[in-house]
Amino acid sequence: MNVEECIAMNEHVHNDGAGMIEHRRPPARPEDDPWTKEPEQAQDASRNGRIGFAASFLGLGLMLSASAGCGDPPSTAEEAIPRVKVFVVGKQATGQSRRISGKIEAADRSPLSFGVKGKVIEVIVEPGQAVAEGQLLAQLDAEPLRLELEKARAHLSTSRAQLVEAEATYRRTSKLFKQRGASQKEVDAATASLATSNGDLKAAQGALEQAELDLARTKLTAPFAGQIVQVLVDPFQEVTANDQAIVLQAAGALEIAVRVPETMIREVDFGQVVQATFPSLEGVTVKGLVTTIGADSESGNAFPVTVRLSASEADLRPGMTASVTFNFSAYLDGRTVYLIPLSAIAIDAGLLAPTKPSAEQGSAGNQAPVFVYDSAAGVVRLKRVAVGDLRGNEIEVYDGLQPGDQVVSAGVTFLRDGMKAAVWRRR
């Protein structure tokens with residue numbers, strides 16, 4: 001039907017319909033009103049009114065259908081082709097980085113004690129004070145130990161005299177025994193006395209050395225240059241030999257104590273270079289070396305690892321929080337490992353399937369489904385690839401992909417194998 005025919009038909013239907021749906025005009029005379037006529041005439045008028053009302057709606061329907069029939073016939077709807085976002089494979093994994101928090105500690109930190117009991121008479125240093133090697137820190141009352149030293153010296157002199165006498169008695173008795181002027185019993189007694197005198201002399205010498213050492217220990221000195229961390233004693237306080245008096249840490253040399261999870265400890269080596277950053281010092285990065293690796297795990301199946309920091313001008317202090325970054329590349333063993341977005345994993349196409357890793361896959365023991373776009377055919381292909389560890393929002397792929405492959409990275413939920421698709425491009 002052309003445009004002219006359509007317009008003419010609409011006008012015809014409109015005119016007829018207008019006549020059919022024209023409102024009922026009031027009768028000129030009361031006797032012409034069908035509602036005032038006799039019952040039979042009223043029924044006929046009512047029947048004719050209903051027929052006219054139905055005809056009006058019929059004409060309106062014809063008018064609407066005629067209007068809808070104008071124009072070109074509707075075309076059959078084609079199936080919509082989804083557009084997908086793709087990621088071009090090519091980014092390679094160069095090594096795994098893991099960051100572990102730790103705490104800065106002094107490399108040389110020693111709790112100091114007097115080594116003898118006594119009463120503290122003087123504390124010379126305060127917490128935070130820098131000290132030199134050999135500097136006096138605190139001292140005890142030395143008078144009781146000085147008396148012990150004098151007693152030890154006197155006992156040594158007595159022991160020496162007794163030894164001289166025992167030696168003379170032994171020589172005289174031995175001479176008389178040869179001349180048959182002394183018995184064997186007397187010789188044996190002289191020999192025993194000489195041996196006892198020798199023992200007493202050695203004991204006296206040891207007591208004197210101990211007394212001298214104890215007297216020297218009444219003065220607490222710094223074994224190395226550093227900084228006072230804590231002072232744990234006060235003047236006139238009585239202390240024992242094992243009571244800690246002062247805590248001293250070495251100046252400059254710092255280290256970080258971290259706990260490495262059991263899944264990573266096999267990749268940590270002695271002398272491994274790491275990077276340390278500090279939340280309180282923005283932009284400061286210091287190199288460090290792994291110096292100790294714990295042989296046994298602690299709480300949480302983590303192994304203690306110590307990192308010695310290199311010299312730095314940064315204002316680093318023991319007790320500060322640090323973040324140590326370990327770069328692990330040995331586990332790649334020279335293999336080419338690609339990184340793809342984690343969103344490319346088509347979970348709906350099949351969950352991760354554990355599999356026995358091959359020599360090429362190494363530590364990769366899982367397979368995951370991904371969709372690869374075939375630009376020649378304009379379809380997506382479902383592939384299973386060997387995956388490894390997560391790298392933030394990316395995942396390692398050991399096998400199944402080649403450089404240049406277009407992996408669907410968004411919209412994978414609505415895809416199926418062999419489905420037609422088009423690449424979404426930014427306008």
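FYI, it's all coordinate maths here, none of it is from the lab. A quick note: this is a predicted structure, and the numbers were derived from the prediction, not measured. Positions of Cβ are backbone-derived with ideal geometry, glycine not excepted, and every protein chain shown enters the neighbour counts.
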Would you mind ranking Ile345, Ile121 by Cβ crowding within 10 Å, fewest neighbours first? Ile121, Ile345
Suppose the chain between Ala161 and Ala295 were pulled fully straight at 0.36 nm per residue; how much longer would it get relative to their current alpha carbon spacing? 42.5 nm
Those lysines that a straight Cα-Cα span of less than 18 Å connects to Lys119, excepting residues fewer than 8 apart in one chain: Lys219
Protection proxy ranking of 171-183, 142-154, 215-227 - average other beta-carbon atoms within 10 Å, highest first: 215-227, 142-154, 171-183
With the convex hull built on the Cα atoms of the stretch 247-332, state its orientation-averaged projected area in nm². 6.7 nm²
Mean Cβ count within 10 Å, highest first, over the residues of peptides 123-130, 250-257: 250-257, 123-130
